[in-house]
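Everything below concerns the one structure shown next.
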Amino acid sequence: MIIIDFILHVDEHLLYLVQQYGAGIYPLLFAILFIETGLVVFPFLPGDSLLFAGGALAAISDSLSLPLILVTCVVASILGNTINYSLGRHFGTHALYEGKLSRFIKAEELQKAEDFFNEKGKFTIFIGRFLPFIRTFVPFIAGSTKMNRSTFMFYNVISGCCWVFIATLAGYFLGNIPFINAHFSMIMLVIIFVSLLPMLISVAKGWRARRQAQ
């Protein structure tokens, strides 16, 4: 319940943490992004909304440095993907389908990421970074298929920088707009809903397919 509450009210929790701990927020940002991108069993963490909220708070708080937020989040996202790739290279996707991790991961979401990877190839590393849930599985799948490490790292670094800069700077420049500032929590919920939409559609399709099979 604590995790769900944090995801749904990430802006309020970040603001509280900034007020209480100031610079102590940077390790938290790093940890959340690293876990989302580096550990394949946590695709639900709010990467997009976290970056947007971090940028918006940097615009209104003297306690936060925008450059430091950008550097922290870029390093976390690149390092997380690198670890995820290495895990996939070592264990392979069978660990997700059949191993102990399978109980934490929906096979439909994993299959969707595999199909996307097979269709787009190496460009999946870049494109997938902007797609919630898929971005968590793609590095693991890239590792399991033994994608060339240099090729992976090239797209990993480029996509990590683009994703963090776009989402964070959007929050930074839009956060001061009166309408957005006044409805910030609602906008965060919209971002989270859009992030979760692919999973919700997948679950709905699975439920419908099971009903039709009966």
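Considering the range 29-53 alone, what residues qualify as being touching a Ser or Thr at 6+ places or on another chain (Cβ under 6 Å) and at pLDDT 80 or above?
Selection gives Leu29, Phe30, Leu33, Thr37, Leu51.
Mind checking whether some residue in the range 93-116 is at pLDDT 80 or above and of a type in the set (Lys, Arg)?
Checking the range 93-116: not a single residue is at pLDDT 80 or above and of a type in the set (Lys, Arg).
Within the range 139-188, track down each residue that is assigned to a helix (DSSP H, G or I), at pLDDT below 80 and small (Gly, Ala, Ser). Spell out the reasoning first.
Applying the first criterion (assigned to a helix (DSSP H, G or I)) to the range 139-188 yields 139-144, 149-174, 178-182, 184-188.
From the residues that got through so far, the ones that are at pLDDT below 80 too are 178-182, 184-188.
Ala182, Ser185, listed by residue number.
Taking the condition at pLDDT 85 or above, of a type in the set (Phe, Trp, Tyr) and in contact with a Ser or Thr (Cβ under 7 Å, 6 or more places away or on another chain), does Tyr26 pass?
yes
Considering the range 153-164 alone, what residues qualify as being surrounded by fewer than 16 Cβ atoms within 10 Å (Cβ to Cβ) and under 16 Å from the mean Cα position of the chain (by Cα)?
Scanning the range 153-164 gives Ile158, Cys162.
Need the failing condition index for Val75 against (1) at pLDDT 90 or above; (2) over 25 Å from Thr151 (Cα atoms), just the number.
Failing condition for Val75: (2).
Among the residues of the range 54-72, count how many are surrounded by fewer than 17 Cβ atoms within 10 Å (Cβ to Cβ) and at pLDDT 85 or above.
5
What residue, among those in the range 113-144 that are of a type in the set (Ser, Thr, Tyr) and touching a residue at least 40 places away in the same chain (Cβ under 8 Å), is surrounded by the most Cβ atoms within 10 Å (Cβ to Cβ)?
Thr136
The values are calculated or read from the model by the stated rules, or taken from the named source; none is laboratory data. This structure is a prediction, so every number in the text was calculated from the model and none was measured. Please note: Cβ atoms are built from the backbone with ideal geometry, for glycine as well, and neighbour counts cover all protein chains shown.
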